[in-house]
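Student: One structure is given below, represented as structure tokens, and several questions about it will come after.
The numbers here are math on the coordinates, done by the rules we state, and not lab data. For clarity, every value in this text was computed on a predicted model and none was experimentally measured. Don't worry about glycine lacking a Cβ; one is built from the backbone with ideal geometry, like all the others, and counts go over all protein chains shown.
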Amino acid sequence: MRSPINITNSDHISITRTHFTNKGYRVHSGLQFGCELVLYADEPVRVHSDFCVHVVPPDGNLDFRMIQTLTRLVVSTGKTLIVAHVKEVAEEIVEDKIEDMVVTYGEPPRRYVVEELAIATEHAPFRHKNVMKGVGMQIKH
């Protein structure tokens, strides 16, 4: 078993930023929306962000009032709230199916996964990142 290390809230945000960048999103500060990060499916000058991301602090405590406030805020901005929880994973328990979701971070390097919980309302439809798919010589959006 590896010895525990002190990981800061800033580290959790960096790991979460890398996680969503690896998924193909453009990730920016969410300060103007009251959360840690916002996700864009394309260049911010071309699209609005669909998701606000709240990163659970290292102590793992979720403040209900914070979640309630963020949920109300994202409704007024037409976004979906994603609560992201960073967990360290042991080398030996990483399965092949989640290998591409693992983020390596820190010195010495540690391996982390980010668990996501989306909180949507009827006012903010849940939209997935627009992935272009090729069909013959045509591109479908």
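Student: When only DSSP loop residues count, what trypsin sites (Lys or Arg not before Pro) in the stretch 1-90 have their Cβ near at most 13 other Cβ atoms within 10 Å?
Tutor: Within the stretch 1-90, the qualifying trypsin sites (Lys or Arg not before Pro) (loop, at most 13 other Cβ atoms within 10 Å) are 2, 46.
Student: Follow-up question, since we're still on this one. In whole Hz, with x marking every Gly and Pro, tabulate ³J(HN,Hα) for the stretch 36-51 from phi via Karplus 6.51 cos²θ - 1.76 cosθ + 1.60, θ = phi - 60°.
Tutor: 7, 9, 10, 10, 10, 7, 8, 4, x, 6, 9, 9, 8, 6, 9, 10
Student: Could I ask something else about it? Residue-wise, which Karplus ³J(HN,Hα) couplings in Hz belong to the stretch 57-66, taking 6.51 cos²θ - 1.76 cosθ + 1.60, θ = phi - 60°, and x for glycine or proline?
Tutor: Working through the residues one at a time gives x, x, 6, x, 7, 9, 8, 4, 5, 5 Hz.
Student: Each residue of the stretch 114-121 in turn: what ³J(HN,Hα) in whole Hz from Karplus with 6.51, -1.76, 1.60 and θ = phi - 60°, glycine and Pro shown as x?
Tutor: Karplus values, whole Hz, x for Gly and Pro: 10, 8, 10, 10, 8, 10, 10, 10.
Student: If amide hydrogens are placed 1.01 Å from N in the peptide plane, which non-local residues have theirs closer than 5 Å to the one on residue 42?
Tutor: Placed amide hydrogens put 26 under 5 Å from residue 42.
Student: Moving on to the next point. For the stretch 9-31 and the stretch 38-83, what is the separation of their Cα centres, given in Å?
Tutor: Between the Cα centres of the stretch 9-31 and the stretch 38-83 lies a distance of 12 Å.
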